[in-house]
Amino acid sequence: MLDVYWYCFLGGAAFAVLLVLFDTVAGGWVDGVFDALPDALHPMLVVGGIVAFGGAGILLTEYGSFGVWTVVLLSALAAALLAIGLFFFYVKPMSQAENSVAYSMKELEGKLGEVSVPIPVGGYGEVGFTFGHGLVYHTANSDEAETIQAGERVLAIDVKDGVVTVCRWTESYPIHT
């Protein structure tokens, strides 16, 4: 039975190293494939559980005076506890963490921005929008019949072919502080 524990321990560790190396070489798409799996089947949990099972089995067999089935049960318990710990302290928090500043152009509709390059009548300018902790700038045109100057606040009303159509923003209700 000691051989089974060693195979689990070394095989799981080798698989984890190969997975990290292959994912790095492949440009990260392997991790994206695993995102489709439920969190409970995350490779880190499965491989971590196999490695923990093997490691606990080796230690309990070599340094303990337990029976074969007791070692199997205690090893499985160790694997389950490690997998549960990994799930709640790593996989779940990381799945909820923000890992990208990406956004859809459609998210611009309804957002307020500030003109950075004036938008002439029938032409194009540039508008900055706040996303997260930074600004993103996009080519914009106006639906109004007059130039919108730099520094004016605008409202994005449509996005088509990568160009944001904006109109002047006028506050209907004053904000009292």
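The values are calculated or read from the model by the stated rules, or taken from the named source; none is laboratory data. Here the structure is a predicted model, which means the values were calculated and not measured. Cβ coordinates were reconstructed from backbone atoms using ideal geometry, including for glycine residues, and neighbour counts include every protein chain displayed. When the accessible area is computed, the model is the full protein with side chains, heavy atoms only, and any ligands, DNA or RNA have been set aside. Shrake-Rupley method; radii C 1.70, N 1.55, O 1.52, S 1.80 Å.
Per residue, the chain exposes 66 Å² of solvent-accessible protein surface, assessed with a 1.4 angstrom probe and all protein chains in place.
Just to be sure I follow the definition: excluding the sites themselves, where is the longest run in the chain that has none of the GluC sites (Glu not before Pro) in a DSSP loop with at most 11 other Cβ atoms within 10 Å? Show your work: numbers first, answer last.
Details: sites that count: Glu98, Glu146, Glu171.
Counting at most 11 other Cβ atoms within 10 Å as exposed, the longest clean stretch of the chain is 1-97.
Look at the Cα gyration tensor of the stretch 101-141: its axes a ≥ b ≥ c give a/c of at least 1.5 with a/b over b/c, and that counts as prolate.
Using a probe of 1.4 angstrom, how much of the accessible area of the chain is carbon and sulfur, in percent? Working shown, then result.
Values: 7670 of 11710 Å².
Carbon and sulfur together cover 65 percent of it.
Partner aspartates and glutamates whose Cα lies under 16 Å from the Cα of Lys160, excluding those fewer than 8 positions away in the same chain, are identified as Glu107, Glu109, Glu126, Asp143. Relative to the dominant Cα principal axis of the chain, helix 2-25 is inclined by about 20°.
Taking R0 as 25 Å, what FRET efficiency do you get between Met44 and Ser104 from their Cβ-Cβ distance, rounded to the nearest 0.05? That gives a FRET efficiency of 0.30. Label-to-label distance for Lys160 and Phe131 is 2.2 nm, based on points extended 7 Å past Cα in the beta-carbon direction.
Expressed in units of 2.2 N^0.38 Å, where N is the residue count, the Cα radius of gyration of the chain is 1.78.
Only one residue of Gly110, Tyr90, Ala156 has its Cα farthest out toward the positive end of the dipole of the chain, where Lys and Arg carry +1 and Asp and Glu -1 on Cβ, and that residue is Tyr90.
The C-alpha atoms of the chain define a longest principal axis, and helix 68-86 lies at about 10 degrees to it. Only one residue of Leu10, Leu60, Gly134 has its Cα farthest out toward the positive end of the dipole of the stretch 1-160, where Lys and Arg carry +1 and Asp and Glu -1 on Cβ, and that residue is Leu60.
Amide hydrogen proximity for Ile157: with H placed 1.01 Å from N in the peptide plane, the residues at 5 or more positions away or on another chain lying under 5 Å are Gly110, Thr165, Val166, Cys167.
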